[in-house]
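Input: a single structure, listed below in structure tokens.
The values are calculated or read from the model by the stated rules, or taken from the named source; none is laboratory data. None of these values were measured; they are calculated from a predicted model. Because the Cβ atoms are built from the backbone with ideal geometry, glycine has one as well, and the counts that use them run over all protein chains shown.
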Amino acid sequence: MSVVDERLNALRGAAPRKPHNARTLAALAANPGCLRRTLLDAAGIDKGQIAQGLGVRISIGQMSSIAIARGKGFEAKVKADGCAELLRLLREHIGLPVAEVHYHDLNPADTDDRITSRLRRSRHALRVSAESNEPTGTLFDHPILQLTVNGVQVRIEPDLIAFKLGNQFFIVEVKSFAILDGTADSGKVAAAAQQSAVYVLAMREMLQTAGLDPDMVSDQVVLVCPKDFSNHPVAELLDVRKQLATLKRQLDRMESVESVLRLVPPDLSFDLRLDDAGRPTRDPQELAAAVFQVTARYSPECLGACELGGVCRSEASGMVPVLGRVVREDLGGIDSIKEAVELATGLREPDAGQQQASDLLRRAYGMREAALGAVR
Amino acid sequence: MTSPQERAEIKTAEILTAFTNGGRRGVVVDSPPGAGKSTLVGRIAAEIATAGDTVVVVAQTNAQVDDLVAKIATRLPGLIVGRLSRDGYLPPPTLLLPNVQVASRVDDLPDCRVVVGTAAKWAQVRSARTWPWAVVDEAYQMRSDLLLLIVPLFKQMLFVGDPGQLDPFSPIDGERWSGLPWDPMQSAVAVLLRNNPDIVPHELPVTWRLPASATRLVQTAFYPFSEFTPGTHDDERTIHVPTVGIRRTVADEVIDLAADTGWGFLELPHRNTLRTDAETVAATADVAVRLLQRGTETVCEHAPGGRRLTAARIAVGAAHRDQVAAITRALRARGEIADGIRVDTANRLQGAEFDITVILHPLSGRIDATPFHLTPGRLCVLASRHRHACIVVGRRGIPELLDAHPGTEPVHLKDFIKFPDGWEANQAVLAHLSNHRVSALH
Amino acid sequence: MTVLTSLAKALAAYSMGPQRLTVFRHQYISSKPIVIVPLTLAGETNAPLAAMVGSDRARPTLIVTRQPRERAERLQFAGRLASELLFPIEMAAQRTQPTGPGPNARMRVVDAPQIWVPNPAGIEFVRTLGRMTRLRQIEGPWAVPKKVRDLGIWLTWFAEQAEFADTGALIAATQALAAVWATGQSDLEDGNLAAQMAWLDPPEGMDVASAVSRAENPQLCPPAGPTTDPTFDRLFLEPALRDLASARTPAAHSAVHRRLTAMLEEQMRPTWELVWTAIDLLLEVTEAPRVPKRWEQQRDRFTSFHQYVANGGNPQAKRDSAGRSAHRLAELEQRMAAFEAQRAYDDPLVIADYRLTGEAFAGQVVDVDATRRVPGLRRSVLRPLVTVATSDQVHLDVDQHVYDPARNGQQAVITSVNETEDGWRIELELQNQMGGGQTAKPGSVPLLGEEVTYTSVTETFVRRRPWPTREETPWTHGGPPPDSTPVVEDAAEDWS
């Protein structure tokens, strides 16, 4: 085990490692400048538990049970009868001339089917297919993929289907948000594109390891969603080239976890010290002190993207970043709200670096007072 | 091996044939910076006019129109060139030519073989007339909604433009049209190509403006799918700056570096600042003024014996108007030597050409990169205006800022995807600049 | 956002109290607003679950679907909502008055309906429900009652009006509040109506910090919708829906439905109250001078659209054609520019924003030549010169057109800009609004010593050729698209 791994394990303590999945990998793009998140994710620490240990409510990751049920129902419908609906879509909407296809079920055979053996099966099936020149299309349902993240092999178990036609693999991603008159929620499409990019990259890595051409995996992803207000699936091609580039650069950056580790004290630990009943016994104040040892890069967007959003918000209380990115930019590098107000109202003399921002704030405050004073 | 001149000539002839003999409704020409776009427009208009047909030229701004009218009228002394204008327009001295007519109604220009006007003006024309030929200049700067209005006026259209420059702008959130093949927020050429996939753009092969030292970078960073070459060799374009003795400043250092290599990056210490950061503004102005104070000379194919760099051949570029105002003031404070230096935003520098440019890096001192900053066209315009050298001024920390930029922009189905990505283009330029860095440690 | 807004946010966070962003309210508020608080079923595409609707704060109408997963029940829901909304629309349309004296006067409604929803997602609900219902057929197979289709046409109209910067037809409460007040939290947090209102109107005896903390707990303050709280879904809604599906007798069914109705009312009621309180707070802010004129234009738009519907006009297409999109973009831009200019002319805090960015300046008149004339086309014209001394950082150049908000946007051209020791001296040539006489009409030329403001911000009006109809779409934009009038297939559109 490398020194880095040892340190990361020490940070996590006794808690089981929370592995990356496509969703967490895609989320790397949300705030790549945040050292706190980078480190906790690299160490496989459950950030939700940390937040709970600190007594802060988590607002993300909660999905309505009703929505989950509907999503499952939709996916089942798409895959029913050997993916009959999906094949219809691939023929009609994507213009793929699929006459007849093979269906390769890589779902777990039973509850005892271990992920390692599934991975082996998936890898074998995809490799055999990649090497064959058979013109018939093949669907791979639920393959297990693997991606190297920060030197560690991360297994990804996507709810997806890979489709091979000629010598091209396409990732098929089934989502339950609607495509209404050809448009869909741009945030949800973006999330789907980011996740798909993880799958594309993982599959490319798999082919490359097997000595095959990684470009066999298309950067055009097939997105399958319900059409309009119905439960009927409709498909759309999604170009994920940009997401792939983003993901690649995030993964490159993650190699630098080592340099982040250099910035934190050697005895730092985020161990919650769970008791036998799984309750954390660590003193919240002590835990908070440990968390705050690693710098965060908070912005309000974190509240919707990271389990620690609420933690970092209360830490940043009184600081300009809690007001939003634009405000921070407008205030010209002044970090504290109190300082900004005191500079604006003339209660404080600016430092050397604050003169310009201070002049602007004072002018703005003067105009504000004049305008409001006239009607007061 | 053909010479750049020959290659450009072959391409021009090919375009002319495709347009006038190809029987196509639309022909598109992509032009990298300084590849002779307006020369091509002028030449094609002149050839059609000389052959006896009437041709319309559409440009995007009044300055572009004036420029084209002067060029075409000089080229065609025997024919009358019309300048379609707004009411109350006063032609600049360059247009006071015997064969130029000015009118605000196209029906008042019946004898003109060439009529030039802005797209906005053509979009107002309510004439029963149509014209057989139209050449649209700077077509990537035109919004597709304007194109919708002018298309019915013309039978065959040639679109010439630079795909790497800034996209047209609207303050409106155009989400409701996202993915539509006629999205009115997109450029005229983007919509035209999406709806007519059979049109394959021609590409001008030679940049006459960019020196060899800039061509590769600009091409890889901003035109990843194009292949163009510089019209000159490395040693055809040189800069001589008399050496300074004692008290050599960082401005001098970065000037010397840029004189040698074509690029210089004056890096100030890291700090988060207002956009109009006084130190960066001062450093930018200093570099521009020092270029003149030191008696810089440029040598090029037009002046093989060298010529003195004048203020008019220098541009200072920035992203925002308040930065432009601050730099203008800083230059004014440095005395009359700076009179005549063009200071402007990327938007307004589009299409212009200078010998040396000094740029305030759009991300200098920022905390976050925004889509505004990351629009590749903005940096592309700033980094491709020069014939000799480009000096960038900015604070330390820009690569870190780009690394921290969230990659979570919304994605629309069937959207117009444009390459390169602004993030990657910015990184490519910074990687290049890191080898041309002079640190100012205050 | 601007420096003034950012400063106001900092001041709000520092003082733990809201800060004004504008001196006036630029939003018209109807004397009889209609409030809609909608809820949808998670996971579906805009499947209506319930709505609280009405113009009477004390007596909202409660509409709850009997089974949100069933198409027929969704139609029922739309029908009941139609009854609530089409009536005030029709009432408003009946009361008209001429636009002026004289024979060319048109008719204009005396007042137009105005709908309030809690947040932008509520506007999205209105838009999508409109899309769901407007393309139905009212006879033949799959027919729906006419009022359902009419509701769709009207909801679509309201949602489209809400895209305009100056809208007064359909308003999201969070946005209307954010236009007037800065809170000490980010825009993102202001998107939660309860959290925003915690700053503006904390519960009696509670400080802002505690009020915000309470507002962010969905168990204490249910979300303003239309999406429901996942915990509510799991603990209450899902079991109730299950019971509803398995109820064997009408009596059992109505018992479950009563339970469902009660729990949904509990989820909507707090938001309903918050929207009304928001309206009350906004009513207390003085209306800006140019608001009535804008509302008059909105009444015209309502009048003419009502005419269109009454004449059997087709429902709006699924997506805009090329000409329609260009036309709409032009209108969006024109109305936005007009609204921005009018706000700046009306409001000293708004114009201050432009002064800070160098697009406006305020100062004192230090020199006037009120009788100056210059040669014109036929005869000489009056072009007074005014010199203003200002300490604002001006970024305007010579030849730039500027406008005087105090003189109804009187136009001037900058003829020179000179930096002085303590600011700038700007010389202007006045262009219009001075009367037709030999000398300027009184008050039309600023006097020596007068405090004046000029800005480059102005309303724009561009004259253009007409936009092409669908049939006229040129080859560059794909040529005429296939026919888009609703077909039976649309009416048969599946809903679950």
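Go through the stretch C:271-316 residue by residue and tally those that are assigned to a helix (DSSP H, G or I), in contact (Cβ under 8 Å) with a residue 24 or more places away in the chain and among the acidic types (D, E). Residues in the stretch C:271-316 being assigned to a helix (DSSP H, G or I), in contact (Cβ under 8 Å) with a residue 24 or more places away in the chain and among the acidic types (D, E): 3 in total. Scanning the stretch C:470-486 for residues that are more than 7 Å from chain B (Cβ to nearest Cβ) and surrounded by 13 or more Cβ atoms within 10 Å (Cβ to Cβ), we see that the one that is farthest from B:N196 (Cα to Cα) is C:P486.
For residues that are closer than 30 Å to C:T303 by Cα and outside any helix (DSSP H, G or I), tally how many sit in the stretch C:149-195.
11
Within the stretch B:311-331, residues that are part of a helix (DSSP H, G or I) reach partners that are of a type in the set (D, E, K, R) with beta carbons closer than 8 Å, at six or more positions or on different chains, in the pairs B:A311/B:D339; B:A312/B:R342; B:R313/B:D355; B:D322/B:R275; B:Q323/B:R275; B:V324/B:D344; B:R329/C:E419.
Are any residues in the stretch A:199-229 free of Cβ contacts under 8 Å to residues at least 24 places away in the same chain and closer than 23 Å to A:V174 by Cβ, and if so, which ones? If the condition is that a residue be free of Cβ contacts under 8 Å to residues at least 24 places away in the same chain and closer than 23 Å to A:V174 by Cβ, then A:R204 is the only one that fits. All conditions but one from (1) of a type in the set (A, V, I, L, M); (2) assigned to a helix (DSSP H, G or I); (3) out of contact with any helix residue (DSSP H, G or I) (no Cβ under 7 Å at 6 or more places or on another chain) apply to B:I246; the one that does not is (2).
Among the residues of the stretch B:280-297, is any part of a loop (DSSP other than H, G, I, E, B), basic (K, R) and within 27 Å of B:N435 (Cα to Cα)?
yes
When B:A326, B:A282, B:A311 are screened for being at pLDDT 95 or above, touching a helix residue (DSSP H, G or I) at 6+ places or on another chain (Cβ under 7 Å) and within 14 Å of chain A (Cβ to nearest Cβ), only B:A282 passes. State which residue is surrounded by the fewest Cβ atoms within 10 Å (Cβ to Cβ) when the search covers only the stretch B:145-189 and only residues that are hydrophobic (A, V, I, L, M, F, W, C), in contact (Cβ under 8 Å) with a residue 12 or more places away in the chain and assigned to a helix (DSSP H, G or I). Filtering the stretch B:145-189 for residues that are hydrophobic (A, V, I, L, M, F, W, C), in contact (Cβ under 8 Å) with a residue 12 or more places away in the chain and assigned to a helix (DSSP H, G or I), the one surrounded by the fewest Cβ atoms within 10 Å (Cβ to Cβ) comes out as B:L153. Collect the residues in the stretch A:56-89 that are surrounded by 14 or more Cβ atoms within 10 Å (Cβ to Cβ) and of a type in the set (D, E), keeping them in residue-number order. Selection gives A:E75, A:E85. Looking only at the stretch C:196-213, residues that are out of contact with any helix residue (DSSP H, G or I) (no Cβ under 8 Å at 6 or more places or on another chain) and touching a residue at least 24 places away in the same chain (Cβ under 8 Å) come to 2 in all.
Collect the residues in the stretch A:330-371 that are buried (at least 23 other Cβ atoms within 10 Å of the Cβ) and not in a helix (DSSP H, G or I), keeping them in residue-number order. Scanning the stretch A:330-371 gives A:L331, A:G332, A:I334. Entry remark, the stretch B:147-167: residues being touching a helix residue (DSSP H, G or I) at 6+ places or on another chain (Cβ under 6 Å) and at the interface with chain C (Cβ under 10 Å from one of its Cβ atoms) number 5 in total.
With the structure loaded, tell me whether B:A139 is touching a Lys or Arg at 6+ places or on another chain (Cβ under 9 Å), of a type in the set (G, A, S) and either over 17 Å from B:G26 (Cβ atoms) or buried (at least 20 other Cβ atoms within 10 Å of the Cβ) (or both) or whether it fails that test. Considered against the rule, which asks whether it is touching a Lys or Arg at 6+ places or on another chain (Cβ under 9 Å), of a type in the set (G, A, S) and either over 17 Å from B:G26 (Cβ atoms) or buried (at least 20 other Cβ atoms within 10 Å of the Cβ) (or both), B:A139 comes out as no.
Within the stretch C:231-255, the set of residues being of a type in the set (A, V, I, L, M, F, W, C) and part of a helix (DSSP H, G or I) comprises C:F232, C:L235, C:F236, C:L237, C:A240, C:L241, C:L244, C:A245, C:A251, C:A252, C:A255.
Look at B:L210 and say whether it is in a helix (DSSP H, G or I), at pLDDT 95 or above and hydrophobic (A, V, I, L, M, F, W, C).
Values: in a helix (DSSP H, G or I): no; at pLDDT 95 or above: yes; hydrophobic (A, V, I, L, M, F, W, C): yes.
Considered against the rule, which asks whether it is in a helix (DSSP H, G or I), at pLDDT 95 or above and hydrophobic (A, V, I, L, M, F, W, C), B:L210 comes out as no.
What about C:E163, is it surrounded by fewer than 21 Cβ atoms within 10 Å (Cβ to Cβ), of a type in the set (D, E, K, R), out of contact with any Pro (no Cβ under 6 Å at 6 or more places or on another chain) and at pLDDT 95 or above?
On the way: surrounded by fewer than 21 Cβ atoms within 10 Å (Cβ to Cβ): yes; of a type in the set (D, E, K, R): yes; out of contact with any Pro (no Cβ under 6 Å at 6 or more places or on another chain): yes; at pLDDT 95 or above: yes.
So C:E163 fits the description; yes.
Within the set A:L180, A:L165, A:L119, the sole residue that is within 14 Å of chain B (Cβ to nearest Cβ) and surrounded by fewer than 22 Cβ atoms within 10 Å (Cβ to Cβ) turns out to be A:L180.
Among the residues making up the stretch B:48-67, a single one is surrounded by 17 or more Cβ atoms within 10 Å (Cβ to Cβ), under 16 Å from B:T17 (Cα atoms) and in contact with a Ser or Thr (Cβ under 9 Å, 6 or more places away or on another chain): B:I48.
It is to be established whether one or more residues within the stretch C:214-230 are touching a residue at least 24 places away in the same chain (Cβ under 8 Å) and assigned to a helix (DSSP H, G or I).
Within the stretch C:214-230, one or more residues are touching a residue at least 24 places away in the same chain (Cβ under 8 Å) and assigned to a helix (DSSP H, G or I).
Can you find a residue in the stretch B:406-414 that is more than 7 Å from chain A (Cβ to nearest Cβ) and crowded, with 18+ Cβ neighbours inside 10 Å? No: the stretch B:406-414 contains no residue that is more than 7 Å from chain A (Cβ to nearest Cβ) and crowded, with 18+ Cβ neighbours inside 10 Å. Residues that are within 14 Å of chain C (Cβ to nearest Cβ), buried (at least 22 other Cβ atoms within 10 Å of the Cβ) and touching a Lys or Arg at 6+ places or on another chain (Cβ under 8 Å) within the stretch B:99-122 comprise B:V106, B:G117, listed in sequence order. Checked against (1) out of contact with any helix residue (DSSP H, G or I) (no Cβ under 6 Å at 6 or more places or on another chain); (2) surrounded by 20 or more Cβ atoms within 10 Å (Cβ to Cβ); (3) within 14 Å of chain C (Cβ to nearest Cβ), A:P233 meets all criteria but (1). Look at (1) assigned to a loop (DSSP other than H, G, I, E, B); (2) within 11 Å of chain A (Cβ to nearest Cβ); (3) closer than 21 Å to A:T345 by Cα and you find that C:G17 fails only one, number (2). Inspect all residues belonging to the stretch C:256-270 and state whether any of them is outside any loop (DSSP other than H, G, I, E, B), under 27 Å from C:E163 (Cβ atoms), out of contact with any strand residue (DSSP E or B) (no Cβ under 9 Å at 6 or more places or on another chain) and among the charged types (D, E, K, R). There is no residue in the stretch C:256-270 that is outside any loop (DSSP other than H, G, I, E, B), under 27 Å from C:E163 (Cβ atoms), out of contact with any strand residue (DSSP E or B) (no Cβ under 9 Å at 6 or more places or on another chain) and among the charged types (D, E, K, R).
The sole residue among A:V327, A:V311 that is part of a helix (DSSP H, G or I), surrounded by 24 or more Cβ atoms within 10 Å (Cβ to Cβ) and away from chain B (no Cβ under 14 Å) is A:V311. Every condition in (1) in a helix (DSSP H, G or I); (2) over 24 Å from C:L349 (Cβ atoms); (3) free of Cβ contacts under 8 Å to residues at least 60 places away in the same chain holds for A:V291 except the one numbered (3).
If I filter the stretch B:217-227 for residues that are within 9 Å of chain C (Cβ to nearest Cβ) and in contact with a Ser or Thr (Cβ under 8 Å, 6 or more places away or on another chain), do I get at least one hit? Checked against the condition, which is being within 9 Å of chain C (Cβ to nearest Cβ) and in contact with a Ser or Thr (Cβ under 8 Å, 6 or more places away or on another chain), the stretch B:217-227 yields no hits at all.
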